[in-house]
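Everything below concerns the one structure shown next.
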Amino acid sequence: MSDGERMNFCLSDLVPPLRWSDAARITALADRPGLPDAWWRALPLHRVLAVLDAEALGDLLTELALDHWPAAAVGDVLPALHVLDPDEADDPQVAIALDRAGSWHGLLALSGRELADQPFVKARPVLTALFTAVFLRMSPEEARPVSEPVPAPVSESLPEPVMEDPPDEQVSELPELIDAAFGDLDDQTWMVAQNRVFADEPSDSEQLARLLAVHPAVIHDLEAALRDRLSHWLALPEAKPYNEHLTWLTDTFGAAVPKDRFVAAAEWHGRELRSLEVPAWRFVLATLPGHRLSGDWLVAGDIEDLRERTRSLIASAERPPTVPQALEMIASLGIRPDVARQWLESVPQLRAQKASQIDPDRQPGGQQGGLKDVALTRRCFRQPDGRWWLRVDVSDDHLDGGEVPLPSGFAAYVGLAPGEDRAVRSAAGEVGLSWHARPILGSLRRILDEVSAEEGSHIFLTLSEEGMLRVRHLPAANGGDETSRALRLVGYTAPSGTPEQAARVIAARVGLTAPVERPELLARLRERGDRDLLTLLG
């Protein structure tokens, strides 16, 4: 059964801009033979795909993205792209675009217009290949004819939480299969398996080396050899039942599942493997492709990235969604319905209010937490890598080693909480972050010296997914027209083009994802307090 058949959602649930737009006026959606009126919000996707195949639907969404939402990031048009394996979009044009963007995340952060502006990149075939790859994953195995529905609204037809049982034979066979393959480990390899490869919290390799009275290089070699043996075993024909179990787990869990549900997914997960003397679920975790355990959640990829995309998706709604609507929205991120409510409750800066509304937590000064907060924070701009960066205008005090005040919205975005102190790594050593009377970043003097910063120049700051402080320096602008200077203040240094093009760039960098008129952009800048940009664009 395909992803699309498991979940009763429509195209507009997958494509947020369809909820922002007056879709009834988009002629490309209307008069589709075999599809009813308003099919994009009334018909479950698997029934749409029985009429419009994945490629046709990919072509249609490409047309909409380029003609109606050219300033929207590709990953905002179809958020399910964030959980797509890039290998599934195997297309030469995608490869070229990926090379230009530098990363999958960077590619999805580009708008259709920015994609079209990239040298050697053809935006239309890139978008078609990307969108089609997602719809192929959701296509039903057998096409069925479509008749006029009288379906209940999606918000009234949430799937019941269901977890199908694994095949019965796996319960009895798999522990013995593993024990037979790994029952002959020597003592040192067994210790490495226990304490490194299959450990809940891996021991430090140097400590383990001291315990075994060997050089740390021996531990690294033993671990590498054991992981090679594990990979070799997984490729053997006799491991086929075990690989089928991994496939079943991946299909069942989606992008995120609570740890306790993973442990309880099969009865034998809780047993101890005789050969390794570790719970079987730890062995399964070590062999589950693409998943990582982060606290109480097992996540495909990075948990902070998934949380950020959850906040972004909820924040991008035209108005705060109800809880059922929010549960449906995050299905596009690969969150299964049976754990969707738990996932929402686990994401910092989101809470379900008594009125059944999802709303970001409030911060001092009336601004909202999470992504909306940073989008409404002065001098914060979303760059093509998808992350929000804070612009700091360098002063003599900064050059002399003074602290750097941070807006509370940006501090919340990088995960700093009131009352917290912590250190972050940078290319020039550790830098302190704290939030007491106000959020501050410690001295950047070493970094400023290294980049030869001067008073009046700009640095842009963010934290990487690994918690590394990233710094980009822009010298002060010498002359130039007001449009070019405005673009420089948002971190854009390419030729400015027309004022209309510049306005679109700035709109995207302050979080306006749909095409906007100039008055709306100026209103957003006033709301954020970006008076310098207002002066230049005014």
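Considering segment 441-485, and only residues there that are at pLDDT 90 or above, in contact with a helix residue (DSSP H, G or I) (Cβ under 8 Å, 6 or more places away or on another chain) and under 27 Å from residue 105 (Cα atoms), the residue that is least open to solvent (accessible area, probe 1.4 Å) turns out to be 459.
Among the residues of segment 102-121, the ones that are touching a strand residue (DSSP E or B) at 6+ places or on another chain (Cβ under 8 Å) and either assigned to a loop (DSSP other than H, G, I, E, B) or over 21 Å from residue 60 (Cα atoms) (or both) come to 1 in all. Of all the numbered requirements in (1) outside any helix (DSSP H, G or I); (2) at pLDDT below 75; (3) more than 26 Å from residue 247 (Cα to Cα); (4) not basic (Lys, Arg), residue 13 misses one, and that requirement is (1). Of the helices (runs of 4 or more DSSP H) lying entirely inside segment 136-212, not one carries at least 2 residues that are of a type in the set (S, T, N, Q), surrounded by 18 or more Cβ atoms within 10 Å (Cβ to Cβ) and at pLDDT 50 or above. Of all residue pairs spaced 6 or more apart or on separate chains, those with beta-carbon atoms under 6 Å, a first member in segment 88-114 that is of a type in the set (D, E, K, R) and a second member that is open to solvent by 40 Å² or more (accessible area, probe 1.4 Å) are 100/118. How many residues are under 28 Å from the mean Cα position of the chain (by Cα) and open to solvent by 40 Å² or more (accessible area, probe 1.4 Å) if we restrict to segment 500-515? Going through segment 500-515 one residue at a time, the tally reaches 3.
As a summary of the residue check, residue 274 satisfies the conditions (1) more than 30 Å from the chain's Cα centre (by Cα); (2) open to solvent by less than 10 Å² (accessible area, probe 1.4 Å); (3) in contact (Cβ under 8 Å) with a residue 60 or more places away in the chain except for the one numbered (2).
Just for segment 421-440: of the residues that are without any contact (Cβ under 8 Å) to a residue 24 or more places away in the chain and over 25 Å from the mean Cα position of the chain (by Cα), which one is surrounded by the fewest Cβ atoms within 10 Å (Cβ to Cβ)? Once the filter is applied, the top-ranked residue is 437. Selection within segment 282-302: residues that are touching a His at 6+ places or on another chain (Cβ under 9 Å) and farther than 17 Å from residue 197 by Cβ. The member of this set that is most open to solvent (accessible area, probe 1.4 Å) is 300. Here residue 124 fits the description: modelled with pLDDT of 85 or more, assigned to a helix (DSSP H, G or I) and out of contact with any strand residue (DSSP E or B) (no Cβ under 7 Å at 6 or more places or on another chain).
On inspection, residue 231 does not qualify as of a type in the set (Gly, Ala, Ser), under 32 Å from the mean Cα position of the chain (by Cα) and assigned to a loop (DSSP other than H, G, I, E, B).
Inspect all residues belonging to segment 102-115 and state whether any of them is open to solvent by 60 Å² or more (accessible area, probe 1.4 Å), modelled with pLDDT of 80 or more and within 18 Å of residue 69 (Cβ to Cβ). Checking segment 102-115: at least one residue is open to solvent by 60 Å² or more (accessible area, probe 1.4 Å), modelled with pLDDT of 80 or more and within 18 Å of residue 69 (Cβ to Cβ). The residue pairs whose first member lies in segment 460-480 and is under 14 Å from residue 430 (Cα atoms), whose second member is in a loop (DSSP other than H, G, I, E, B) and open to solvent by less than 50 Å² (accessible area, probe 1.4 Å), and whose beta carbons are closer than 6 Å, counting only pairs six or more residues apart or on different chains, are 463/414; 469/426; 470/464.
If the condition is being open to solvent by less than 30 Å² (accessible area, probe 1.4 Å) and out of contact with any Lys or Arg (no Cβ under 8 Å at 6 or more places or on another chain), then segment 46-69 contributes 48, 49, 54, 57, 58, 60, 61, 64, 65, 69.
The values are calculated or read from the model by the stated rules, or taken from the named source; none is laboratory data. This is a predicted model, so every value here is computed, not measured. Positions of Cβ are generated from backbone atoms using ideal geometry, with glycine treated the same way; all protein chains shown enter the neighbour counts. Heavy atoms of the whole protein, side chains included, go into the accessibility calculation; ligands, DNA and RNA do not. Shrake-Rupley method; radii C 1.70, N 1.55, O 1.52, S 1.80 Å.
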